[in-house]
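Just below is one structure, and these are the notes that go with it.
The values are calculated or read from the model by the stated rules, or taken from the named source; none is laboratory data. All of these numbers come straight from a predicted model, not from anything done at the bench. Virtual Cβ from ideal backbone geometry, glycine too; neighbours counted across all protein chains shown.
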Amino acid sequence: METNGKVITNGLRESLKAIMQKEIENLPKQLEGLEPKERLNIMCKLMPYVFPKVETVHPTEGEPWQL
């Protein structure tokens, strides 16, 4: 039974990957059809998938002297 589940899961995963790839290819055309406010909202939601998360850096971190 587990083998059957893996086959179904792999098939589903491949189908979802194909759907996502097609949607990504259509994304520029879809974005052009949106109002600027909607387009900006979508772009903000997609940014975490493109850019690394920014981390806080302390100016004294890693320095050999203590303040």
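Quick check on my filter: what residues within region 18-32 are more than 18 Å from Met47 (Cβ to Cβ) and either modelled with pLDDT under 95 or not small (Gly, Ala, Ser) (or both)? So that I can check it myself, show each step before the final result.
Looking only at region 18-32, we keep the residues that are more than 18 Å from Met47 (Cβ to Cβ), and these are 18-19, 21-22, 25-26, 29, 32.
The answer is Ile19, Gln21, Lys22, Glu25, Asn26, Lys29, Glu32.
Could you give me the residue pairs with C-beta distances under 8 Å whose first residue belongs to region 11-38 and is surrounded by 10 or more Cβ atoms within 10 Å (Cβ to Cβ), whose second residue is of a type in the set (Val, Ile, Thr) and not in a loop (DSSP other than H, G, I, E, B) wherever it lies, and which are 6+ apart or on separate chains?
Pairs found: Leu31/Ile42; Leu34/Ile42.
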